[in-house]
1. For the range 103-120, state whether one or more residues are outside any helix (DSSP H, G or I), under 21 Å from residue 165 (Cα atoms) and touching a residue at least 24 places away in the same chain (Cβ under 8 Å).
2. Which numbered condition trips up residue 217, out of (1) farther than 30 Å from residue 59 by Cβ; (2) in contact with an Asp or Glu (Cβ under 8 Å, 6 or more places away or on another chain); (3) polar (S, T, N, Q)?
3. Can you give me the ranges of the helices (runs of 4 or more DSSP H) entirely in the range 182-248 with at least 2 residues that are without any contact (Cβ under 8 Å) to a residue 40 or more places away in the chain and either crowded, with 18+ Cβ neighbours inside 10 Å or not hydrophobic (A, V, I, L, M, F, W, C) (or both)?
4. I need the full set of residues from the range 53-76 which are over 19 Å from residue 259 (Cβ atoms) and in contact (Cβ under 8 Å) with a residue 60 or more places away in the chain, in order please.
5. State which residue is nearest to residue 206 (Cα to Cα) when the search covers only the range 167-178 and only residues that are in contact (Cβ under 8 Å) with a residue 60 or more places away in the chain and of a type outside the set (D, E, K, R).
6. How many residues does the range 48-72 contain that are of a type outside the set (Ser, Thr, Tyr), at pLDDT below 80 and out of contact with any Asp or Glu (no Cβ under 9 Å at 6 or more places or on another chain)?
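The values are calculated or read from the model by the stated rules, or taken from the named source; none is laboratory data. Predicted model, so just to flag it, every value in this text is computed and none were measured. Cβ sites come from the backbone with ideal geometry, for glycine too, and all protein chains shown count toward neighbours.
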Amino acid sequence: MTDEHPAAALPTGKRSIFPVKTIPGLSAVAVISIAVLYAPVFALVVHSFHAGDSGALWQGFSLKWYVAALENREVREAFMRSLTVAASASAIATVAATMAAVARTRTFPGRTAIHLLINQPVMMPEIIMAAALLIVFASIKAATGYAGLGYLILAHAAFCVPVAYLPVRARLESIDLNLEMAAADLYATPWQAFRRITLPLMAPGIAAGAILAFVISLDDVIISEFVKAAGQDTLPTYMLGQLRQTVTPEINAISTALIALTAILLCIFFVLSPTRERKS
């Protein structure tokens with residue numbers, strides 16, 4: 001009688017040398033990790049429905065803080081400004097990221113260096129990028145006299161490019177570029193091949209990149225705080241300003257609404273994200 005390894009009984013392609021369930025303490029670590037990550041978020045959501053003005057003592061369930069946030073003119077203006085900046089920055093960043101990803105799939109000298117440069121802002125501390133953008137935009141503002149919302153949009157687009165680039169590039173890597181060669185054999189121009197073949201195939205990756213860039217821009221605080229001019233508060237910077245004065249359940253209600261919006265967009269992102277089949 002011979003001993004058979006437990007993994008040998010599994011179907012081909014589903015073998016596991018170390019089954020997850022057999023790792024000691026994994027379940028406890030997972031539960032603790034989830035609790036640490038989401039307990040504060042759960043507490044914030046609960047207190048957004050608090051009827052009282054203070055979170056020290058529960059005084060009943062109420063939606064009054066959501067109503068107060070909707071009736072607050074500054075909150076509405078900041079929210080619309082956040083949507084405008086996020087949508088504009090996401091569109092600019094997605095177009096630039098798509099062009100960079102398409103170029104990255106072609107062979108030319110220095111493409112690896114370009115790939116590293118595109119991804120560098122992801123590794124750079126955000127406050128350094130914020131300070132650099134502030135210097136650049138201050139010089140432009142002094143030379144042109146323009147002080148509009150364009151600086152905030154361009155600043156958000158700058159750090160959203162590498163975010164949008166990753167899912168677009170991942171989608172392109174799963175596309176067989178021989179399809180473009182086949183289109184060329186059928187006398188399609190490079191633009192026709194791109195528009196009719198490559199672009200439709202990479203559309204899910206472009207949509208995923210746009211959504212991810214939109215979410216990152218919508219939640220940004222540091223770069224917005226550095227670049228924005230007077231009267232250009234986004235919703236996150238407005239909340240930061242309110243927290244410096246006093247904390248009310250209205251801020252909890254706004255935070256909960258942002259969490260819900262972000263969660264919905266991230267769910268759409270994961271649905272659209274390109275996936276690869278794992279081969280055994």
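1. Taking every residue of the range 103-120 in turn, at least one turns out to be outside any helix (DSSP H, G or I), under 21 Å from residue 165 (Cα atoms) and touching a residue at least 24 places away in the same chain (Cβ under 8 Å).
2. Only one criterion is unmet by residue 217, namely (2).
3. Result: 190-193, 235-245.
4. Result: 53, 74.
5. Out of the qualifying residues, it is 168.
6. Result for the range 48-72: 9.
For every residue, the table says whether it meets (1) touching a helix residue (DSSP H, G or I) at 6+ places or on another chain (Cβ under 6 Å); (2) closer than 23 Å to residue 162 by Cβ; (3) modelled with pLDDT of 85 or more; (4) not small (Gly, Ala, Ser).
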| position | (1), (2), (3), (4) |
| --- | --- |
| 213 | yes, yes, yes, no |
| 220 | no, yes, yes, yes |
| 227 | yes, yes, yes, yes |
| 270 | no, yes, no, yes |
